[in-house]
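Note sheet for the following structure.
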Amino acid sequence: MDETLFDCEPDVEVHANKREYADTRNRLALQMLKQTRDSLNHVIQLLEEGDTVKATRQLVDFVSRKKTTEADLESSIGSRIIEGVFDGQGMVGGDGIRYLVPENYASKSKLVEGDMLKLIIQSDGTHIFKQIGPVERRRIVGTLSQDSSTQTPVVVCDSDVYKVLAASISYFKIIPGDEVVILLPAGGTSVWAAIERLNF
C-alpha cells in the first residue's frame, strides 16, 4: 500500500496565541520603558530646580511603581526577575539564593566581584543573566599559574594571588607563564579576578 505523507496546515490558533503573547510582552516592556523615562526626566527636572524633597519623593514613588510593573510583566510572561551581586562565580540574589553564572558568559563579559546582575528565569526554566551595574575597575598585570593544591588556574601579581575562571583561559588561549592583564574591583579586596587580555 502506497503511503503518502501530507503536510498539515499550520495551526492558526497556536500561531495567533504566540503572536498575542509576544504583543503583550512587547507592549508591557514599552510601557515600562516609557514610565521609567518620564519618571527620571521629572526627577532630573526637580533636582535642577533645587527641589530635593519633591525629587526624593518622586524617586521613591518611581521605585515602587517599577516593582509593580515588573511584577505585572513577570506574571504576564510567566518569568521571574531577580537582581543580585556577582561573587566571582555566581550571583547572590536579593532572595538570598546563589545562582551559578555560566563561565563562558562571565569570562566574555569580564565580570568582576561586586558587579550587579539581573537574572531572568523564564517559564521553561531557562536562566538569562544580564549585567546591569558594573563596579569601578582597576587593572593590574600578573602571570598565569596553577594552584598546586586544587589544580585550578590563578594569576600571581607580586605577593597577591587571584582565582580566575577556567573558561577565561580557554577563551583567551592562555598558557601558564603567560603575562595577563586582569580586572579587579577598584575598592576593597577580592578573591577573584577577570582576565581582560594577554599583556603584549
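The values are calculated or read from the model by the stated rules, or taken from the named source; none is laboratory data. Please read all numbers here as calculations on a predicted model, not as lab measurements. Here the Cβ positions follow ideal geometry from the backbone for every residue, glycine too, while neighbour counts run over all protein chains shown.
Here are some notes:
- Strands (runs of 3 or more DSSP E) fully within the stretch 115-200 counting 3 or more residues that are under 21 Å from the mean Cα position of the chain (by Cα): 116-121, 127-133, 179-185, 194-198
- Selection of the stretch 171-187 for residues being exposed (fewer than 14 other Cβ atoms within 10 Å of the Cβ) and in contact (Cβ under 8 Å) with a residue 12 or more places away in the chain yields I175, P176, G177, E179, A186, G187.
- The set of residues from the stretch 128-150 being surrounded by 15 or more Cβ atoms within 10 Å (Cβ to Cβ) and either touching a residue at least 60 places away in the same chain (Cβ under 8 Å) or not polar (S, T, N, Q) (or both) comprises F129, P134, V135, R137, I140, G142, L144.
- The condition (being among the small types (G, A, S), modelled with pLDDT under 95, surrounded by 15 or more Cβ atoms within 10 Å (Cβ to Cβ) and within 15 Å of W192 (Cα to Cα)) is satisfied by just one residue among G93, G114: G114.
- Listed by first and then second residue, the pairs with beta-carbon distance under 9 Å, at least 6 apart or on different chains, first residue in the stretch 154-166 and assigned by TED's automatic domain parsing to the domain that holds A194, second of a type in the set (D, E, K, R), are V154/D147; V154/K163; V155/K163; V161/D147; K163/D147; L165/E103; A166/E103.
- Scope the stretch 177-200; condition of a type outside the set (A, V, I, L, M, F, W, C) and either at pLDDT below 95 or closer than 22 Å to E136 by Cα (or both); matching residues: P185, G187, G188, T189, S190, E196, R197, N199
- Count of the stretch 117-127 residues which are of a type outside the set (D, E, K, R) and surrounded by 12 or more Cβ atoms within 10 Å (Cβ to Cβ): 6
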